[in-house]
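Here's the structure we're looking at; comments come further down.
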Amino acid sequence: KPVLDHVAKVTADFTPPSQPIAAIINGKEERGDKETSPLLNPTTGEEFGSMLISSPETVDKAVKAARDAFQTWGRTEAEDRALYLTRYADILEQNMDRFFSLCAVEAGKTIDDAVAEVREAADFCRYYALQAEKQMGGRIELDGPTGQRDSWQLEPRGIFACISPWNFPLAIFIGQVTAALAAGNTVVAKPAEQTPYIAHVAVELMKQAGFPDGVCNLVLGEGETGKALVEHDDINGVCFTGSTATAHAINRALAAKDGPITPLIAETGGINALVVDSTALPEQVADDVVTSAFQSSGQRCSALRILYLQDDVADDMLEMIIGAAEARRFGDPSDPKTDIGPVIDKEAMDNLQAHADKMEKQGRLVWKGKTPEGLSGTFMAPHIFELDALDALKTEAFGPILHVVRWKNDQLDQVLEAVNATGYGLTFGIHSRIDGIADYVLPRVKAGNIYVNRNIIGAIVGVQPFGGAGLSGTGPKAGGPNYLQRFCEEKAVSVNTAAAGGNASLIALA
Ligand code: UN1
């Protein structure tokens, strides 16, 4: 933030698209589509541009381009692919200011969140470059019987469909695409319909990194475009981040294909919990709860949805949490002083408001924040509601709504059962100063990312591999050591070294 002190508004240098943005196929815009959809600024509600929606024909062209490009890209050395990716990471960083304004205008992201976006996008590039070199840089020799040379290697699958969400319009878009590319696949990417401009700029910048045309193609649109992509016969894998319902729909579409079995890598939602006992440090709890529940307007799949407070400290903790929440500034994300901006669009706001209204009618309201004045965009006031049963929250409310439940001293196991009973398993946190509590809780909780005495969002690439199980996704974890393998096929090679008169070096292996 200090580097931005001189900036009054990050959007000052924002350049809207001069014409409707379009699919990018083989490095060129494909302008044949007719149907358009507006690009909206969530802070003001204003339209700042539009996009051409990619038809099934355009999707087909994009897949063909990816197929052609795969002939060469699929045979490049992992070291060479890594070079493109690290160059691209540098270029993303050089364009940081541009992405700050893009993230503010198109996604309603604050500076803090936009910094994290660019940081994470660059981290993904460099991390997957490193993993590709390590895991795909050659054959791994295995210890076979005498007279035989055994080895194992990873190879790209082919064409990956990458379908990314609006809540991390740069980081997750880049994370998916660069994982696929690092592994030697080519890509047809479809960003969320709310944030295509950021993705469009990111793909245009790939040229500066020298990526060959056609290795990453972009199609734009909503569900219909995504459906045409997922159902295309010539894709070899799908990488998706978004809702559990959409992941199920993609799974069904892939299962209905008669051709090769197509893998799905999905990272979806969560009803994430944080358990606080009476030994926890209140100041730390307050700050971590507010960050986990309200940062990014609660629009993270990792965000805190349900807070379990031990009853003897619950009133005091709640008072501090509300104090910490009131200290956060809700407002225009392009103002560097703002902590929390709008939600993505009207549909999101209406759904959240309906949930909040229902809770309020039931008399559950504990605290409600204010929406900023003078801004006509989709601002959702942060809310805290109190529930009366440990397992009362059944659906994910994707926004700044926190639910609180009190638990009694002898109820820790029941709390953990309620957490597991949601069927999700993404993030989970515990705040306690009891020795060994983490060792007790960890094996009992189904969650992909567990945080002890800290907030539960903001996983760092390579340090906190991110992703869950059950309704939260398929794994493997993004930014983790196993991620690239899911973008690959495996090949085991066994050579009879005696067959060439015992001279193994005569047996050439390409
Ligand atoms: C998402 O919100 O879709 O740890 C996933 C975090 C982020 C979450 C990304 N990696 O907060």
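Could you pull out every one of the strands (runs of 3 or more DSSP E) wholly within the stretch 341-458 that has 3 or more residues that are open to solvent by 10 Å² or more (accessible area, probe 1.4 Å) and under 26 Å from residue 315 (Cβ atoms)?
365-368
What are the residue pairs meeting all of these: first residue in the stretch 297-314, first residue more than 10 Å from the ligand (Cβ to nearest atom), second residue open to solvent by 10 Å² or more (accessible area, probe 1.4 Å) and modelled with pLDDT under 95, Cβ atoms under 6 Å, and 6 or more apart or on different chains?
Qualifying pairs under 6 Å: 306/393.
Can you report the number of residues in the stretch 449-464 which are free of Cβ contacts under 8 Å to residues at least 60 places away in the same chain and more than 10 Å from the ligand (Cβ to nearest atom)?
Summing the residues that are free of Cβ contacts under 8 Å to residues at least 60 places away in the same chain and more than 10 Å from the ligand (Cβ to nearest atom) in the stretch 449-464 gives 3.
If you check 79, 106, 93, 57, which single one turns out to be outside any loop (DSSP other than H, G, I, E, B) and touching a strand residue (DSSP E or B) at 6+ places or on another chain (Cβ under 8 Å)?
Values: 79 fails: touching a strand residue (DSSP E or B) at 6+ places or on another chain (Cβ under 8 Å); 93 fails: touching a strand residue (DSSP E or B) at 6+ places or on another chain (Cβ under 8 Å); 57 fails: touching a strand residue (DSSP E or B) at 6+ places or on another chain (Cβ under 8 Å).
Of the residues listed, the single one that is outside any loop (DSSP other than H, G, I, E, B) and touching a strand residue (DSSP E or B) at 6+ places or on another chain (Cβ under 8 Å) is 106.
Write out, first by first residue and then by second, each pair whose Cβ atoms fall under 6 Å of each other, whose residues are 6+ apart or on separate chains, and whose first residue, in the stretch 87-101, is within 12 Å of residue 15 (Cα to Cα) and open to solvent by 50 Å² or more (accessible area, probe 1.4 Å) while the second is modelled with pLDDT of 95 or more and among the hydroxyl-bearing types (Ser, Thr, Tyr).
Filtered contacts from the stretch 87-101: no entries.
I'd like the residue in the stretch 465-499 that is among the polar types (S, T, N, Q) and either more than 15 Å from residue 302 (Cα to Cα) or open to solvent by 40 Å² or more (accessible area, probe 1.4 Å) (or both) and, out of all such residues, is nearest to the ligand (Cβ to nearest atom). Before the answer, list the steps.
Our first condition is that a residue be among the polar types (S, T, N, Q); within the stretch 465-499, this holds for 472, 474, 482, 485, 494, 496-497.
Narrowing the set further to residues that are either more than 15 Å from residue 302 (Cα to Cα) or open to solvent by 40 Å² or more (accessible area, probe 1.4 Å) (or both) leaves 474, 482, 485, 494, 496-497.
On the way: 474: 14, 482: 16, 485: 20, 494: 40, 496: 47, 497: 47 Å.
Applying the filter and picking the extreme gives 474.
Restricted to the stretch 225-238, and to residues that are of a type outside the set (A, V, I, L, M) and touching a residue at least 40 places away in the same chain (Cβ under 8 Å), which residue is surrounded by the fewest Cβ atoms within 10 Å (Cβ to Cβ)?
The qualifying residue surrounded by the fewest Cβ atoms within 10 Å (Cβ to Cβ) is 234.
Does the stretch 264-292 hold any residues that are in contact with an Asp or Glu (Cβ under 6 Å, 6 or more places away or on another chain) and within 16 Å of the ligand (Cβ to nearest atom), and which are they?
If the condition is that a residue be in contact with an Asp or Glu (Cβ under 6 Å, 6 or more places away or on another chain) and within 16 Å of the ligand (Cβ to nearest atom), then 269, 271 are the ones that fit.
If you go through the stretch 239-263 one residue at a time, how many are more than 16 Å from the ligand (Cβ to nearest atom) and open to solvent by less than 30 Å² (accessible area, probe 1.4 Å)? Quick ask: steps written out before the conclusion?
From the stretch 239-263, those more than 16 Å from the ligand (Cβ to nearest atom) are 248-249, 251-263; that's our starting set.
When the remaining residues are screened for being open to solvent by less than 30 Å² (accessible area, probe 1.4 Å), the result is 253-254, 262-263.
Total meeting the criteria: 4.
Considering only the stretch 272-309, state which residues are over 23 Å from residue 342 (Cβ atoms) and either modelled with pLDDT under 95 or of a type in the set (A, V, I, L, M, F, W, C) (or both).
Correct list: 273, 274, 275, 276, 280, 281, 285, 286, 306, 307, 309.
The values are calculated or read from the model by the stated rules, or taken from the named source; none is laboratory data. Just so we're clear, the structure is a prediction, and the values are computed from it rather than from any experiment. Note that we place each Cβ from the backbone using ideal geometry, even for glycine, and neighbour counts take in every protein chain shown. All accessible areas refer to the heavy atoms of the entire protein, side chains included, with ligands and DNA or RNA removed. Shrake-Rupley method; radii C 1.70, N 1.55, O 1.52, S 1.80 Å.
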